[in-house]
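Heads up, the thing below is written out as structure tokens.
The values are calculated or read from the model by the stated rules, or taken from the named source; none is laboratory data. Everything numeric in this text was worked out from a predicted model, so none of it was measured. Ideal geometry is used to build each Cβ from the backbone, glycine not excepted, and the neighbour counts take in all protein chains shown.
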Amino acid sequence: MLDTKLLRNDLEAVVAALAVKGFAFDVPAFNALEAERREVQQLTETLQNERNTVSKSVGKAKAAGEDVQALLSGVAELGAKLDAAKAQFNDLQERYDAFLAAIPNIPHDSVPEGSTEDDNAEVGRWGDQPQFNFTPRDHVDLGSGGSLDFDAASQIAGSRFVVVHGQLARLQRALTQFMLDTHANEHGYKEIYVPYVVNRQSLFGTGQLPKFEEDLFRLDTDQGYFLAPTAEVPVTNVYRDTILDGAQVPVKHVCHSPCFRSEAGSYGRDTRGIIRQHQFEKVELVQLVRPEDSWQALEELTDHAESILRRLELPYRKVVLCGGDLGFSAAKTYDLEVWLPGQAAYREISSCSNAHDFQARRLQARYRPAPEPGAKKQAKPELLHTLNGSGLAVGRTLVAVMENYQDGDGNLAIPDVLRSYMGGATQLDLSAR
């Protein structure tokens, strides 16, 4: 959520910045709300002052032995008007909050203009695309012998699910453990385990609600529960309505969890295989940092995600998202796109974003800076900056390993860094269950 002071003091700049995201700010609607807010606020303050003045007059009249009935009637009348004004203000505040909740985050100045993913700007590549003496197959064909079972998943749940069998399932688990170990042991993240079910307030805090409810799986209960679309939601909400001591910042968490998305509006896209499913797994990186550190933290977090690809020796490219492709809560996002030989294309495997203070304002996630030398009072709490990124999406990493390490005979060479997690095995038979 944006700072209302920024909207009131520099609305023209906000409107121009949001246009980079393709967001058309309704200036007349905002000005009308602001005018009504000022009017109702002034009326409320005037009535409050008048009632206080008359109430004092009642006390003085009583002390002088005068008849106070008329004054008491005046107090009651002003009280009724004040209650009505407060009710009007509360209604206005609800409409005002709803208006603010629909406004996306302002993009950073470095975000390129553009409307679609075709306008994203490549900023680097790593690794050489593998060369095969055969036509590489995609992961669906590679797993068709039994290790990937889409028919069984369809029978169990429906489309866009998969059952993974045998050694390939173990490889997926190995990838997960490798990612967790790397981030926890080498990159300084503290592992955390969180609920897979979240409530409306949590989804509002990170920006999925109210705008993107159709993308979520809602549970048919009275509690208003949803399945978490990403671990970013529960992990970041650990710090909702919290004031951290300055010594506790930065906060760095790594979390493995399943993710659930309805994929509304994506019909016809990536329906083949496990690129875009209703249920998938990620190892998520979340940081909460001081404002002055957040842009460096974005570079650091992105490099942590890249390091997994480098250690797996998977070629990838890094792009910065243009305004039109930038997420609702993000001020800037890097996408990492891994090379998939079966598609002869780079495909997204991680998005690393800085939300600035946007999520923290919705969450009221704050920290208290250390006081200045000689200060007699504690420093006032300040909003944290929140960052998140996949380190990595496990299913898509599995796809990338399958396609980049295939040998043409239905076997998969196991990357060196995963062999200790696979009992020392060096290859895997993809046709075996």
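Would you check if there is a residue in segment 120-134 being part of a loop (DSSP other than H, G, I, E, B), at pLDDT below 95 and either closer than 30 Å to residue 213 by Cβ or touching a Lys or Arg at 6+ places or on another chain (Cβ under 7 Å) (or both)?
Within segment 120-134, not a single residue is part of a loop (DSSP other than H, G, I, E, B), at pLDDT below 95 and either closer than 30 Å to residue 213 by Cβ or touching a Lys or Arg at 6+ places or on another chain (Cβ under 7 Å) (or both).
For residue 287, state whether it is under 30 Å from residue 149 (Cβ atoms) and in the same structural domain as residue 137 (by TED's automatic domain parsing). In short, no.
Residues that are at pLDDT below 95, over 30 Å from residue 36 (Cβ atoms) and crowded, with 17+ Cβ neighbours inside 10 Å do not occur anywhere in segment 101-109.
Taking residue 160, is it in contact with a Lys or Arg (Cβ under 8 Å, 6 or more places away or on another chain) and modelled with pLDDT under 95?
Here the answer is yes, as residue 160 does meet what is asked.
Looking only at residues in segment 173-188 that are of a type in the set (Gly, Ala, Ser) and either at pLDDT below 95 or not in a loop (DSSP other than H, G, I, E, B) (or both), the one that is farthest from residue 252 (Cα to Cα) is 174. In this structure, residue 25 qualifies as part of a loop (DSSP other than H, G, I, E, B) and modelled with pLDDT of 90 or more.
Could you tell me whether any residue of segment 279-292 is assigned to a helix (DSSP H, G or I), free of Cβ contacts under 8 Å to residues at least 24 places away in the same chain and more than 29 Å from residue 171 (Cα to Cα)? Even if it seems obvious, please write down each step before you answer.
In the first step, residues of segment 279-292 are kept if they are assigned to a helix (DSSP H, G or I); the result is 291-292.
With the extra rule that they be free of Cβ contacts under 8 Å to residues at least 24 places away in the same chain, the set shrinks to 292.
From the residues that got through so far, the ones that are more than 29 Å from residue 171 (Cα to Cα) too are 292.
Looking through segment 279-292, at least one residue is assigned to a helix (DSSP H, G or I), free of Cβ contacts under 8 Å to residues at least 24 places away in the same chain and more than 29 Å from residue 171 (Cα to Cα).
Pairing residues of segment 372-386 that are in the same structural domain as residue 355 (by TED's automatic domain parsing) with residues that are hydrophobic (A, V, I, L, M, F, W, C) and assigned to a loop (DSSP other than H, G, I, E, B), at Cβ distances under 8 Å and at least 6 apart in sequence or on separate chains, gives 372/379; 379/370; 384/249; 385/355; 386/355.
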